[in-house]
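The values are calculated or read from the model by the stated rules, or taken from the named source; none is laboratory data. The structure displayed is predicted, hence computed values, not measured ones. All Cβ positions, glycine included, derive from the backbone under ideal geometry; neighbour counts span all protein chains shown. For the accessible areas, the whole protein counts, side chains as well, though only heavy atoms, and no ligand, DNA or RNA atoms are used. Shrake-Rupley method; radii C 1.70, N 1.55, O 1.52, S 1.80 Å.
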Amino acid sequence: MATRDPAPPRDDRTDSGTVPIRALDSGHRAEIVRHLLSLDASDRYLRFGYAATDEQIGRYAERLDFDRDAVFGIFNRRLLLIAMAHLAFSVDPQLRSCAEFGVSVAKASRGKGYGSRLFERAVTHARNEGVSQLFIHALSENTAMLKIARNAGAVLERAGSETEAHLRLPPADFDSRVSELLSDQMAVTDYHLKAQAKQFWGVIRLLQEIRQGVRDARDRARG
């Protein structure tokens, strides 16, 4: 008789109010590419302002400068990157007080406030890095992105098919620095726990496959 694999916890049920957001580095480049490639043509158009091809997405991911910019991500229980934000700092040292925000969320994970949480995380980091003005350049039809900016108090200026939003940020303070420190610690701990859980369920499945193989061999021998 075949046994049923134990079902791991269902994905994407994290409370958006406490969702761990991890700072990403060059070691996550493959996950970033996988996430962006999962976006359909419409989503790629809204995220990049054009229908980015697979090759263009690959080049974008390869050119991410993790030393200069900040990239944040949300992982589900299977350690799949389901949402990410890119906080791009100006390459001009004279404009280091400016940064641009971009975000993408997997279609199956929308409606949970992940985009807003990533924006809040990026704002905290930007403040702690001395950024006083945050910009969002989006297509005017990208209502989800513009709603995030509007709710944060950003000033929106529409120019035809495109909209520019800019938000003045207060300087860093004790609360913003502690908030970022705690967020980083929580996200790292959460990621490690998910990795351990994924490994555990993998071992359980392997053991069940071995047991089933032994049973099948025994039944064939009896037959």
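With every protein chain kept in the model, how would you rank LYS112, LYS107 by accessible area, 1.4 Å probe, largest at the top? Please list the in-between numbers first.
On the way: LYS112 60, LYS107 120 Å².
Descending accessible area places them as LYS107, LYS112.
Determine, from the Cβ-Cβ distance of TYR60 and ASP175 and an R0 of 45 Å, the FRET efficiency 1/(1 + (r/R0)^6), rounded to the nearest 0.05. Let's see the in-between values first.
Numbers: r = 34 Å, r/R0 = 0.75.
Rounded to the nearest 0.05, the efficiency is 0.85.
According to a simple spin-label model (label point 7 Å from Cα along Cα-to-Cβ), what is the distance in nm between ASP25 and MET186?
Spacing of the two 7 Å Cα→Cβ label points: 2.2 nm.
Starting from the Cα gyration tensor of segment 68-185, take the square roots of the eigenvalues, sort them a ≥ b ≥ c, and report rounded, prolate or oblate (rounded when a/c is under 1.5, otherwise prolate if a/b is larger than b/c, else oblate).
Values: a/c = 1.71, a/b = 1.02, b/c = 1.67.
It comes out oblate by the Cα gyration axes.
Take every Cα-Cα pair in segment 79-138 and report what % of them are more than 12 Å apart. Numbers along the way, then the final one.
Numbers: 1184 of 1770 pairs.
So the portion of pairs separated by more than 12 Å is 67 percent.
Roughly how many percent of the accessible protein surface of segment 124-188 is carbon and sulfur, given a 1.4 Å probe and a whole-percent answer? Present the calculation step by step, with values, prior to reporting the outcome.
Numbers: 2040 of 3770 Å².
So the carbon and sulfur contribution to the accessible surface is 54 percent.
Applying 1/(1 + (r/R0)^6) with R0 = 25 Å to the Cβ-Cβ distance of HIS166 and ALA51, what FRET efficiency is obtained, to the nearest 0.05? List each step's numbers first, then the result.
Details: r = 26 Å, r/R0 = 1.05.
Calculated value: 0.45.
Does segment 14-58 classify as rounded, prolate or oblate by the C-alpha gyration tensor (a ≥ b ≥ c root eigenvalues; a/c under 1.5 gives rounded; else a/b over b/c gives prolate, otherwise oblate)? Before the final figure, lay out the partial values.
Numbers: a/c = 2.86, a/b = 1.49, b/c = 1.92.
Oblate shape, in that a/c is at least 1.5 and b/c is the bigger or equal ratio.
If you rank ARG168, ARG121 by how much accessible surface each has, with a 1.4 Å probe, what is the order from largest down? Write down the numbers at each step before the final one.
Working: ARG168 175, ARG121 15 Å².
I get ARG168, ARG121, largest accessible area first.
Rolling a 1.4 Å sphere over the protein heavy atoms, what is the accessible area per residue of segment 64-197, to the nearest Å²? Show your work: numbers first, answer last.
Numbers: 6830 Å² over 134 residues.
Spelled out: the 1.4 Å probe surface of segment 64-197, per residue, equals 51 Å².
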